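Enquirer: Sending over a structure as structure tokens; questions will come in a sec.
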Amino acid sequence: MSVPYNPFELLNLPLIKELLRKNTNFLVVQRLQWPGIPNKKGFIATPYQQQKAAREHEQKLDSNEGRMIDLQFELDKILALIESPKYLLFLNAYRDLDWQDKILKHYQKNILSKLEISTQIQAIEDVSIDLSFKFGKLTASIQFGESIQEFGLLDLIK
């Protein structure tokens, strides 16, 4: 069994200080499901400089999935999450420049298996896959021929 690949940057105090230095005072913190992260123990924080954009993201969340935090007033809540051994808090940023390639390589069998079932694709080379974050969730836009479909990446790799 292989170790799951996790592309996300672990949130820590130096990163929080950097966000504050850049006047990025708003974080939308939401649950993160990812291979290797225990259920209900992982969170991902998406940073915003503008409260309006953070509120728009927050409104896309399901109830109890997460919420917006204003670091100017609620810094202690983020620090408590960072310091807690019970939780893993990641920043919506990537550790590696080639994170997309690493995800596709690491989870290729799972992705191809799911695509074969839902789209009749026979080989990963037959498709173009673009990974991106949308409201704190990794999505995969998959183009094969003239068709483009969007999937939650987690649905493809689990």
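Enquirer: Tell me the label only: which of (i) 1.04; (ii) 1.00; (iii) 1.20 is Rg/Rh (Cα atoms, Kirkwood Rh) as calculated from this structure?
Expert: Looking at Rg/Rh (Cα atoms, Kirkwood Rh) for this model, the match is (ii).
Enquirer: Also, I was wondering about something else. How far is it, in nm, from the label point at LEU131 to the one at LYS52 when both lie 7 Å from their Cα along the line to the Cβ?
Expert: Output for this residue pair reads 3.2 nm.
Every number in this text was worked out from the coordinates using simple rules, so none of it is lab data. Bear in mind the structure is a predicted one, so any value in this text is a computation, not a measurement. Neighbour counts run over all protein chains shown; Cβ positions are idealised from the backbone, glycine included.
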